[in-house]
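Colleague: For reference, the structure I am asking about is given below.
The values are calculated or read from the model by the stated rules, or taken from the named source; none is laboratory data. What you are looking at is a predicted structure, and each value in this text was computed from that prediction instead of being measured. Note: ideal-geometry Cβ built from the backbone for every residue, glycine included; neighbour counts use all protein chains shown. Just so you know, the surface numbers come from the protein's heavy atoms only, side chains and all, with ligands and any DNA or RNA stripped out. Shrake-Rupley method; radii C 1.70, N 1.55, O 1.52, S 1.80 Å.
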Amino acid sequence: IVGRVRSLASDKLTAEEIAAVPLTAQQLRNAAEMDAKYRSSHMEVESKMDPEEFDMVRRKRMIYRSKQRGWLEADLLLGSWAVENIPNLTPDELDEYELLLREETIDIFNYVSGKDALPPHLADLGVMKKVQAYALVSNMDSPEGYESVKKEANLT
């Protein structure tokens with residue numbers, strides 16, 4: 001395995017080929033340790049923030065995550081909704097929206113558009129219903145509408 005991993009480093013490989021190389025138990029332990037270290041450091045910084053600062057950072061992070069989904073339609077839909085609504089959400093609604101943001105982008109788009117049924121953990125969220133309602137009335141049914149939404153939500 002070690003020889004194969006070394007040769008992989010110099011080759012141009014697809015993601016599937018790289019994923020097919022198994023990690024050793026030590027590599028997995030190292031990755032877990034580094035993950036724990038960075039998460040701990042992040043939590044330490046957040047714990048030192050005053051509640052208002054933490055809330056502001058959380059809202060900004062959620063807006064950014066909504067705008068940067070990596071898929072234009074989802075970026076526009078979630079990004080414009082977030083810019084308009086996140087500043088006014090309650091802490092409970094922020095928690096709900098956080099659950100939605102943890103989903104895969106394609107799944108979010110399919111849930112919001114009604115193509116796929118909502119999974120049980122999203123079905124009763126008030127924020128999910130708000131995003132779905134926004135999708136029905138947003139002005140994104142034409143190239144001009146997309147351009148207008150992009151400008152208003154600062155997505156250009």
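Colleague: How high is the FRET efficiency between Phe54 and Thr105 when r is their beta carbon distance and R₀ equals 30 Å, given to the nearest 0.05?
Modeller: Working: r = 26 Å, r/R0 = 0.87.
It comes out at approximately 0.70.
Colleague: Let me ask something else about it. Projecting each Cα onto the charge dipole of region 33-147 (Lys/Arg +1, Asp/Glu -1 at the beta carbon, about the Cα centre), which of Ala36, Phe54, Leu125 comes out farthest on the positive side?
Modeller: Final value for the positive-end residue is Ala36.
Colleague: Moving to a separate point now. Enumerate by residue number the chymotrypsin sites (Phe, Trp or Tyr not before Pro) in region 64-140 meeting two conditions: DSSP loop (anything except H, G, I, E, B), and at most 15 other Cβ atoms within 10 Å of the site's Cβ.
Modeller: Details: sites: Tyr64, Trp71, Trp81, Tyr97, Phe109, Tyr111, Tyr134; in loops: Trp71.
Sparse-neighbourhood loop chymotrypsin sites (Phe, Trp or Tyr not before Pro): Trp71.
Colleague: Something else now. Can you give the accessible area per residue of region 24-75, in Å², using a 1.4 Å probe? Don't skip to the end; give the middle numbers.
Modeller: Numbers: 4020 Å² over 52 residues.
Normalised by residue count, the accessible surface of region 24-75 is 77 Å².
Colleague: What nm distance separates the two modelled labels at Arg29 and Asp124, each placed 7 Å from Cα along Cα→Cβ?
Modeller: Roughly 4.3 nm, to one decimal.
Colleague: To the nearest Å, what is the center-to-center distance of region 80-106 and region 18-73, using C-alpha atoms only?
Modeller: Value for the Cα centre distance between the two parts: 17 Å.
Colleague: Then there's this: If each residue of separation counts as 0.36 nm, what is the full-extension length gain between Ser113 and Glu152 once their alpha-carbon separation is subtracted?
Modeller: On the way: separation 39, 0.36 × 39 = 14.04 nm, distance 2.15 nm.
So the chain would gain 11.9 nm between Ser113 and Glu152.
Colleague: Please report, as a whole percent, how much of the solvent-accessible surface of region 48-136 comes from carbon and sulfur atoms (probe radius 1.4 Å).
Modeller: 54 percent
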